[in-house]
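Read-outs: derived from the displayed coordinates by stated rules, not from any lab. What you see is a predicted model, and the numbers here were worked out from it, not measured in a lab. Note that each Cβ is placed from the backbone with ideal geometry, even for glycine, and that neighbours are counted across all protein chains shown.
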């Protein structure tokens, strides 16, 4: 089985008369914003002075400021720039920064001095009018990078010889191939959509591998059994949405965003379409509401597929839990008016009119993942993305659409849904032990549904770029590295206080 680029592209542009279709609402983002969602300019905010960025969980008031105050040139102080220059020159291997997908956009530039790189980090962030927390995240990602994205790895080895991150990266490929091969056991055909797949090509007997995009943690791949996968260019999606929604400023702004283009992957097997998604991450309730335009745009794409009157699946990492299954973002019934994934779904939901092919949170063992509030090890800690007591959330889903009038063809046999890693002895993921195959080297469980001898599934495998060790020089002692981390935390505190 091989990869071909679909001739579906031109067919996909047909404009068919909608029938039994509820198109995404033409509503401005402000319609969904509560009155208390106000971003604060630095001059109107008071900021606490004693924030420890190695334990941000102890400073909830600081998290609120970090996620609401907009960064400005007040943070670009000469003494802060000088301190970061010395930090880089004393402790950091800039060759690592040039290779990592999060930092290479800055460090691949040809500046003449370290100072220019530091200033570019600040200027790029300030120009985009990001929050203070996002600025600090960008500083960490472009200097120390963080350690394994701040995740806690459960280490159950009897006699560790390698440090945790090195061992996990060493066994990662074998571990992925084992679990993916296991997911296809007992089925004659099937497909699994893989998000964050920036690893080596999978080599599993009887399965075919297609790398779709290779863009760091937005990388995508498809693994299939006895199926021929045809990838449809994103331009097909873009042209169709631009034709239908050219007068909708919010949708057009969203679909033209380069990051958004990397969040969708359309492919087909036979006449069945598959829309793979990896939507924007949500660190807290406010960030989820800020993504409403993205959810509306995703709904527009789904409604376009419905116009084609074909069977299709929507699958991947939506990065937001079902409204009534949320365990960590704080959604309430009041959020029904905008939340994109609900059961039962409302007309504005992405999954409206589709069958759910993923288990309910209450029916399975959801393995927690833990993320440090140490913003030096966890670059995303400053935007509130940490959960040291564990996050028991599911965000990977599969939905199935059958054109009206054809439902009877898909009733029997029924779909059986499941997720991986149901062992109750595992206390968090990622998890490593002496046996590479019994380890689990991702922070997401895979989801699959089986219909007779056919399987469809999705798995966020955890990007290689999110699995990196920090960028400290290899010759530094552990004690020196720890001191460097404290030094960076102090610089972050000074950035925070420069308001």
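Roughly how many Å is it from the Cα centre of the range 279-313 to that of the range 322-361, as a whole number?
12
Does the range 90-224 classify as rounded, prolate or oblate by the C-alpha gyration tensor (a ≥ b ≥ c root eigenvalues; a/c under 1.5 gives rounded; else a/b over b/c gives prolate, otherwise oblate)?
prolate
For a quick check: sort 280, 134, 448, 109 by the number of other beta carbons within 10 angstrom, fewest at the front.
Ranking 280, 134, 448, 109 by Cβ neighbours within 10 Å, fewest first, gives 109, 280, 134, 448.
Using the count of nearby Cβ atoms within 10 Å as a rough guide to exposure, how do 151, 193, 122 rank from fewest to most?
122, 151, 193
So what is the relative contact order for the range 421-472, in percent, with contacts set as C-alpha pairs under 8 Å and at least six apart?
Here the relative contact order equals 24 percent.
With contacts defined as alpha carbon pairs under 8 Å and 6 or more residues apart, what's the relative contact order of the range 364-449 in percent?
34
How many angstrom lie between the Cα centre of the range 428-499 and the Cα centre of the range 145-219?
12
When a footprinting reagent is the concern and you count Cβ atoms within 10 Å, what order do 224, 439 take, fewest first?
Result, fewest neighbours first: 224, 439.
Over the chain, what is the relative contact order in percent, taking alpha-carbon pairs closer than 8 angstrom and at least six residues apart?
25
Can you give the % of DSSP beta bridges in the chain that are antiparallel, to the nearest 5?
70
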